[in-house]
Amino acid sequence: MTNRTIRSLSAFFVLLFAVLAVRQVYVQLIAAPHIAERPNNPRHALLQAGRGRILGTDGTVLARTAGGRRLYPMGAALAQSVGYVSVRYGTSGIEGAFDRALTPPDSSGDPLAQLAALAATLRGSPVAAQGADVVTTIVPAIQSQLFSLLSRYPRAAGVVLDPRSGAVLALASVPSYDPNDFDAEFSSLSTDSDAPLLNRAVDGLYPPGSTFKIFTAAAALDSNTVTMDSHFEDPGYLVIGDFVLHDNESEATGYADLTTAFALSSNVDFAQISLKMGVDTFYDYLQRWGIGSSFDFELPAQTDRVPPKPSIVPGELAQMGFGQGALLMTPLQMALLGATIANGGEEPRPYIVRQIVRDGIPASVSNASTLANPVSPDTAAKVTQMMIAVVQRGTGTPAQLPHVTVAGKTGTATNPRGRSHSWFVAFAPAEHPRVALSVVVENVGYGATYAAPIARDVLRTALEITGN
């Protein structure tokens, strides 16, 4: 073979290698995203083959596999909590947290088993190995109504609990998205300034406003800082050094007892209570309640933001007493705050998965448990009476229900990004609570005007469904 021939062959192979390299770059960087998004891509079917279902507490299907695709019958109403499973973008929500249980046991690492499952799926035949079904605590009717009511506003969130057990009955976040079209919509969803992928119910951090007076009242009573007979003077403002704070939800309440200060939501009175309690006692009760600490929940959840104790000055402590300053809370934590009072001072551990069922046999069961006992039953009973007064004669009258005693607290939380957030935390029936909730609507105004009516309607539905 001549040198010229060798050089020609070498050039050919170099050119061929270059073409293949360009092709590989094209496939990996340009074509791959579009290929992955095709619904007929067999990788989708492989990922979904034999995957278990996600069910509501009543057996309603929340996620299932059919025809090699993952289907979500409730769509946007439960998107962030149920989550998604995607070849390209991975998993989230319950799909992610319970991926190991949902995945067929024979296909998690065996390529032959995966190919067999894929072939069966594409033929429409039953898959030999099935993943477990994950049974949640979600009540679809409550979930649907909560989501529908929140969807009247651009950004909002809500949590509904059974205060006796901590079971999550509904968990909604607005705006949302349709998980049935997740891969195709991901690009626009991930760049949307309203963050539809964010689960505001567990990841949203907000100043809680006057709903946090539930905590302050409970801590002050439990520590004997105040009594139900304590009286306060509210002229409409309070001077703390160079700082002046004002009432928000109400006019000046004048000379009033603790219940009136709570029912009419006096910031001035609760600033005085916080200052009287002092930093050490205030932070001791934050710790007792677990505020600012992570807790065991099946879904990823943000930890509340509490400013470091050494940095607290009187003006900051006064604001924290009515849920402002640097304090930030999630709707889940605020629902737990109400549930703890409803549960006689015992804070339930929240959970959203009730059971894992494999081949018809329960393989795992979530039982009710306690996170903490931050206040006494006597303190909880006194705070309950004050929350009843809020709804009967205070700032929360829009939450009243016929023939049902509702205990609640409004919140109008100022923030640096526009209008106030509207809050309501409540439970019912107050005598024997079986439903507790929190609702927040972003940047709309007063708690009584926006969040309280939503809470009322959700409470009505939840009480009808849960029965006596």
Which residue out of 434, 419, 349 is closer than 30 Å to residue 51 by Cα and charged (D, E, K, R)? 349
Taking region 351-363 and keeping residues open to solvent by less than 70 Å² (accessible area, probe 1.4 Å) and either without any contact (Cβ under 8 Å) to a residue 24 or more places away in the chain or in contact with a Cys (Cβ under 8 Å, 6 or more places away or on another chain) (or both) leaves 360
What's the total number of residues in region 270-289 that are in contact with a strand residue (DSSP E or B) (Cβ under 7 Å, 6 or more places away or on another chain) and either open to solvent by 10 Å² or more (accessible area, probe 1.4 Å) or at pLDDT below 95 (or both)? 2
Of everything in region 290-313, what is touching a strand residue (DSSP E or B) at 6+ places or on another chain (Cβ under 7 Å) and not in a loop (DSSP other than H, G, I, E, B)? Give them in sequence order. 305
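So which residues in region 353-367 are among the charged types (D, E, K, R) and under 14 Å from residue 57 (Cα atoms), if there are any at all? It would help to see each step written out before you state the result.
Filtering region 353-367 for residues among the charged types (D, E, K, R) gives 354, 358-359.
Correct list: 354 only.
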Selection over region 332-347 where residues are free of Cβ contacts under 8 Å to residues at least 60 places away in the same chain and open to solvent by 10 Å² or more (accessible area, probe 1.4 Å) yields a count of 2
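Given 186, 243, 232, which one is open to solvent by less than 30 Å² (accessible area, probe 1.4 Å) and of a type in the set (Phe, Trp, Tyr)? I'd like the intermediate steps shown before the answer.
Numbers: 186 fails: open to solvent by less than 30 Å² (accessible area, probe 1.4 Å); 243 fails: open to solvent by less than 30 Å² (accessible area, probe 1.4 Å).
Every option except 232 fails the conditions.
How do the strands (runs of 3 or more DSSP E) wholly within region 396-454 filter down when requiring 2 or more residues that are open to solvent by 10 Å² or more (accessible area, probe 1.4 Å) and more than 24 Å from residue 382 (Cα to Cα): which remain? Before the answer, list the steps.
Numbers: elements: 407-413, 421-428, 435-441.
No strands (runs of 3 or more DSSP E) qualify here.
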In region 148-168, what residues are closer than 28 Å to residue 367 by Cβ and either open to solvent by 20 Å² or more (accessible area, probe 1.4 Å) or among the small types (Gly, Ala, Ser) (or both)? 157, 158, 162, 164, 165, 166, 167
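Where in region 178-224 are there helices (runs of 4 or more DSSP H), lying fully within it, with 2 or more residues that are within 21 Å of residue 329 (Cβ to Cβ)?
Values: elements: 182-191, 200-203, 213-222.
Fully inside region 178-224 and qualifying: 200-203, 213-222.
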Can you pull out every residue in region 240-258 that is in contact with a Gly (Cβ under 9 Å, 6 or more places away or on another chain) and either at pLDDT 95 or above or outside any strand (DSSP E or B) (or both)? 241, 242, 247, 248, 249, 250, 251, 252, 253
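Of the residues 90, 68, only one is modelled with pLDDT under 90, of a type outside the set (Val, Ile, Thr) and over 22 Å from residue 139 (Cβ atoms); which? Full working, then the answer.
Values: 90 fails: modelled with pLDDT under 90.
Residue meeting the stated conditions: 68.
The values are calculated or read from the model by the stated rules, or taken from the named source; none is laboratory data. No experiment lies behind these values; they were computed from the predicted model shown. Ideal geometry is used to build each Cβ from the backbone, glycine not excepted, and the neighbour counts take in all protein chains shown. Heads up: the accessible areas ignore ligands, DNA and RNA and are worked out on the full protein's heavy atoms, side chains in. Shrake-Rupley method; radii C 1.70, N 1.55, O 1.52, S 1.80 Å.
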